[in-house]
Number of protein chains: 2
Amino acid sequence: MSEVEVKNLQESLQDRLGQVVDLLHKQRVVEDLTHRQEGQHQALVENLVHRQNVVELQRKLDDLHSADIAYILEALPLEDRLTVWQLVKAERDGDILLEVSDAVRETLIADMEDHELLAAAKEMDADELADLAPELPRDVVHELMESLDAQQRERVRSALSYEEDQVGALMDFEMVTIREDVTLEVVLRYLRRLRELPGHTDKVFVIDQEGALKGVLPIKRLLVNDPEKRVSEVMANDPVTFHPDADAYEAAQAFERYDLVSAPVVDKNRRLIGRLTIDEMVDLIREESESEVLNMAGLREEEDIFASVWRSLRNRWSWLAVNLITAFVASRVIGLFEGSIERLVALAALMPIVAGIGGNSGNQTITMIVRAMALDQVSTGNTRRLLKKELSVAVLNGLVWGGVIGVVAWLLYHSWSLGLVMTAAMTLNLLLAAFMGVMIPMSLAKLGKDPAMGASVMITAMTDSGGFFIFLGLATVFLM
Amino acid sequence: MSEVEVKNLQESLQDRLGQVVDLLHKQRVVEDLTHRQEGQHQALVENLVHRQNVVELQRKLDDLHSADIAYILEALPLEDRLTVWQLVKAERDGDILLEVSDAVRETLIADMEDHELLAAAKEMDADELADLAPELPRDVVHELMESLDAQQRERVRSALSYEEDQVGALMDFEMVTIREDVTLEVVLRYLRRLRELPGHTDKVFVIDQEGALKGVLPIKRLLVNDPEKRVSEVMANDPVTFHPDADAYEAAQAFERYDLVSAPVVDKNRRLIGRLTIDEMVDLIREESESEVLNMAGLREEEDIFASVWRSLRNRWSWLAVNLITAFVASRVIGLFEGSIERLVALAALMPIVAGIGGNSGNQTITMIVRAMALDQVSTGNTRRLLKKELSVAVLNGLVWGGVIGVVAWLLYHSWSLGLVMTAAMTLNLLLAAFMGVMIPMSLAKLGKDPAMGASVMITAMTDSGGFFIFLGLATVFLM
């Protein structure tokens, strides 16, 4: 992507979005009028106004950075989004398609003709093409591949051969390479001849005849060292490197930990095959945290906020269905004790407290654990210790808050034994919540699943059924 | 921070953590033995083994990057953490203190003598000192400030004068500045004389005599342009700049959107006063998503997973207490209808289904909205539309899943009217969940609060009390 020069950053994104929405609104009012009015003269005037609005909107859009247009497209409902998309200059289509989220990209691509898609895609680098290819119509991809030279085609193929979460799918091929036996002076002259350097070039890669990575020359060192020195004297010999089949999220964490801007990707023989840059890694860090939040609530990640109702339903149904089953199980647990409830109706009013506090507390524990696992701080070695801590917290919470609610139950229903059962049930259910809050994400991880997956639904299922069973069971044994 | 050269990145962090834990474990076994055994000879042998272990551990630590040691310290329980901390070379204390999380940093500082803290702090830049200062003992800070020169002291003061979430608190002062009327050749010579460039220098700042920012010269352009050209011909005139009192998180989003590596911070008169770098912004993006996840579950952010039980309790109590009150309210709602439940005990078994599905569905909605708000995609302009979409999803979910559960209720309890009440209650509670899921975070934001704050606890409170009231109310009206 080209050099960033953004105008009016002082205007917040929200303001810019507001302006676009205003202009869209004006235009729509005019359109409505034009449709309604019959007189030719009026239609003509309104057509003029309409055209003026369009021109103003177009000018506004031309002033905006592609990333900002992407943001605006994401924040607009489908109809408005497509109106804006039509007004964007064709040569910017490619940049913007690469910036928007997957769900929004799909709606934009669906609105484009094949020849528009081809034109947009022809501007792209191999790694960008590979990003886009899975969402393009088959024949467009085919025609596109035909138009590439052998090296580019090979690169697109290679990028496509990796899973989405592997380093290989995120690397680009814009590497500046040099030999170790030349002087810095020669390197400086060589760079000058390139006329342009790829974005995020904070180091150039030093390779031998076979293309194997010998080291990296940070631009900082290139600038401050004597130009007479040789690259081999100045380069870093043992840089952080990544393998194309490594986990991309781990690479992102390494970027974060070691404050990297770019890093070489090498194959098994240390041949340089690509590079990773911080901008891709930042996007990844953002996406990972997003999908974690969404996963915990039992949502998949593809839903944008203006997705159609139908798409939203599909996104949410799988976990709602699970929840329906777990709620039904909890209901049957209560069903087991209908006799007790008939005899002491207070049980019906008190049982949701036991279940609710358990659910809340379990959610706190599971959130902590999922977070810590995402940061790689939990290993099997410290499970016991974590469990011990969470169980201690649960016992104390149970005795204190369970005690409080026990006293309240005693005052309300004038039965100290009911209060005692309440306190005991709360404590036991909090213990269950703590235990499950630690074990659910750990077991999911052991099974190779995402530990955040539906965590909230699952822990609530446990604390509901468990809470009802514990409370009603204790009540039946001790109060009936 | 110095140039990154990391050894053995191929070894995962988990492995390295494992090795340290093993060594710690060995050492502890030896210590236990030494305490237990009386014989002098044995003690001597074990002392030797013990010392060997310590040496091995120390060697291991010396090989690790400061960021990795920080990670290991965070993943260790307090006692082990302090053992490792004692073994870390004193000259690395500062670097590591800057890398660890706030909660862990507090435990490390508590374990250090004043003179150790002073020594560690003396290595730091002004912005790093300002980061650390609030957590240091008063007299250490005082002595430290005395030892600084006037400019440094001024910088620390200025950094401390900003809130944690303002750009001013995150900027550093390691700027390379040049004049616009010199040639690139002169700039290159000037840089060479500096001997070292600050980390993340992807551009140098062009200022006039008054120190006002005229533009930036990207290193990329410096390298590829003719050295005879003047800075003014090559520089970017309108770079992205930030004000020190701007919101830091918005700055981070701008870094992400515009793929920045560094950016100038200017005051009202466009005087250059500092710079922001991508590494600080990445940390911020990470922290924001973390606190969002934790806030939704009603946790504050300061708890590390090995925090003491007491600290964990304090972290979780405020929202648990809120939850206790809301659960009590829900219980009283049921209490209102004890008469109905006594007459039809099936109500007690069915009511948690209505409340549970509502809670789950409300959590899905609120998670979506909080996410979209964090990404700035929600404005008052599109509230109505969002609400309409969420309510449509709720009606459909209510009719479909409510219908299913209504049929199940009919089959279980042989009452079609009970089934109908169930379906109606589910639909209404899902509508309530959708409405509250949109309105709670929006209202919190309007009140200037974090929209994620306890979102999960609040929505569950609504759907519990609401669900019980709707279901039992409908049942009382139509079935009694």
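The values are calculated or read from the model by the stated rules, or taken from the named source; none is laboratory data. Quick caveat, the model's predicted, so the values are computed rather than measured. Neighbour counts run over all protein chains shown; Cβ positions are idealised from the backbone, glycine included.
Tabulated values for the structure
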| read-out | value |
| --- | --- |
| Subset of region A:100-124 [part of a helix (DSSP H, G or I) and among the charged types (D, E, K, R)] | A:102, A:105, A:106, A:114, A:116, A:122 |
| Residue B:217 at pLDDT below 95 and surrounded by 22 or more Cβ atoms within 10 Å (Cβ to Cβ) | no |
| Only listed residue being more than 19 Å from residue B:348 (Cβ to Cβ), within 14 Å of chain A (Cβ to nearest Cβ) and part of a helix (DSSP H, G or I), chosen from B:452, B:475, B:461 | B:461 |
| Sole exception among (1) modelled with pLDDT under 95; (2) farther than 18 Å from residue A:376 by Cβ; (3) at the interface with another protein chain (Cβ under 10 Å from one of its Cβ atoms) for residue A:245, by number | (3) |
| Filter pass, residue B:73 being under 30 Å from residue B:174 (Cα atoms), buried (at least 19 other Cβ atoms within 10 Å of the Cβ) and modelled with pLDDT of 85 or more | yes |
| Conditions (1) at pLDDT 85 or above; (2) more than 8 Å from chain B (Cβ to nearest Cβ); (3) assigned to a helix (DSSP H, G or I); (4) crowded, with 21+ Cβ neighbours inside 10 Å: number failed by residue A:274 | (3) |
| Sole exception among (1) closer than 30 Å to residue A:118 by Cα; (2) touching a residue at least 40 places away in the same chain (Cβ under 8 Å); (3) assigned to a loop (DSSP other than H, G, I, E, B) for residue A:226, by number | (1) |
| The one condition in (1) in contact (Cβ under 8 Å) with a residue 12 or more places away in the chain; (2) more than 35 Å from the chain's Cα centre (by Cα) that residue B:335 fails to fulfil | (1) |
| Residue list for region A:172-186, restricted to those being within 12 Å of another protein chain (Cβ to nearest Cβ) and over 25 Å from residue A:242 (Cα atoms) | A:184, A:185 |
| Scan of region B:192-211 for residues that are over 22 Å from residue B:281 (Cα atoms), out of contact with any Asp or Glu (no Cβ under 7 Å at 6 or more places or on another chain) and either assigned to a loop (DSSP other than H, G, I, E, B) or modelled with pLDDT of 95 or more (or both), ordered by number | B:195, B:196, B:207, B:208, B:209, B:210, B:211 |
| Number of positions in region B:229-248 that are polar (S, T, N, Q) and assigned to a loop (DSSP other than H, G, I, E, B) | 2 |
| Residue within region B:93-101 that is more than 20 Å from residue A:374 (Cβ to Cβ) and at pLDDT below 85 present | no |
| Boolean, residue A:411 is assigned to a helix (DSSP H, G or I) and either of a type in the set (S, T, N, Q) or in contact (Cβ under 8 Å) with a residue 40 or more places away in the chain (or both) | no |
| Residue A:251 being more than 8 Å from chain B (Cβ to nearest Cβ) and part of a helix (DSSP H, G or I) | yes |
| Residue among A:410, A:416 that alone is among the aromatic types (Phe, Trp, Tyr), closer than 22 Å to residue B:325 by Cβ and surrounded by fewer than 22 Cβ atoms within 10 Å (Cβ to Cβ) | A:410 |
| Matching residues in region B:452-480 - criterion: being over 30 Å from residue B:292 (Cβ atoms), of a type in the set (A, V, I, L, M) and surrounded by 24 or more Cβ atoms within 10 Å (Cβ to Cβ) | B:470, B:472, B:475 |
| Qualifying residue in region B:343-359 (condition: outside any helix (DSSP H, G or I) and either at pLDDT 80 or above or under 30 Å from residue A:336 (Cβ atoms) (or both)) | yes |
| Given (1) at pLDDT 90 or above; (2) buried (at least 17 other Cβ atoms within 10 Å of the Cβ); (3) assigned to a loop (DSSP other than H, G, I, E, B); (4) in contact with a helix residue (DSSP H, G or I) (Cβ under 8 Å, 6 or more places away or on another chain), number of the condition residue A:181 does not satisfy | (2) |
| Scan of region B:254-264 for residues that are at the interface with another protein chain (Cβ under 8 Å from one of its Cβ atoms) and in contact with a Phe, Trp or Tyr (Cβ under 9 Å, 6 or more places away or on another chain), ordered by number | B:254, B:257, B:261 |
| Residue that is farthest from the other protein chains (Cβ to nearest Cβ), among those in region B:187-212 that are aliphatic (A, V, I, L, M) and within 13 Å of residue B:262 (Cβ to Cβ) | B:204 |
| Those residues of region B:318-355 which are facing another protein chain (nearest Cβ under 8 Å) and among the aromatic types (Phe, Trp, Tyr), in sequence order | B:319, B:328 |
| Matching residues, region A:360-397, being part of a helix (DSSP H, G or I), of a type in the set (D, E, K, R) and facing another protein chain (nearest Cβ under 7 Å) | A:371, A:385, A:389 |
| Criterion violated by residue A:417 - all others in (1) in contact (Cβ under 8 Å) with a residue 24 or more places away in the chain; (2) farther than 30 Å from residue B:362 by Cβ; (3) outside any helix (DSSP H, G or I) satisfied | (3) |
| Close pairs from region B:145-174: first closer than 21 Å to residue B:278 by Cα, partner of a type in the set (Asp, Glu) and in a strand (DSSP E or B), Cβ under 8 Å, at least 6 apart | B:165/B:247; B:166/B:247; B:167/B:247 |
| Pick from region B:219-242, criterion in contact with a Ser or Thr (Cβ under 8 Å, 6 or more places away or on another chain) and among the aliphatic types (A, V, I, L, M), ranking: nearest to the other protein chains (Cβ to nearest Cβ) | B:219 |
| Within region B:327-338, tally of residues that are buried (at least 23 other Cβ atoms within 10 Å of the Cβ) and acidic (Asp, Glu) | 0 |
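For every residue, the table says whether it meets (1) under 17 Å from residue A:433 (Cα atoms); (2) surrounded by 24 or more Cβ atoms within 10 Å (Cβ to Cβ); (3) among the acidic types (Asp, Glu); (4) more than 39 Å from the chain's Cα centre (by Cα).
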position	(1), (2), (3), (4)
A:319	no, no, no, no
A:322	no, no, no, no
A:325	no, no, no, no
A:340	no, no, no, yes
A:348	no, yes, no, yes
A:360	yes, yes, no, no
A:363	yes, yes, no, no
A:366	yes, yes, no, no
A:370	yes, yes, no, no
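Yes/no per residue for (1) buried (at least 22 other Cβ atoms within 10 Å of the Cβ); (2) within 17 Å of residue A:199 (Cα to Cα):
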position: A:238; (1), (2): no, no
position: A:242; (1), (2): yes, no
position: A:255; (1), (2): yes, yes
position: A:262; (1), (2): yes, yes
position: A:267; (1), (2): no, no
position: A:278; (1), (2): yes, yes
position: A:288; (1), (2): no, no
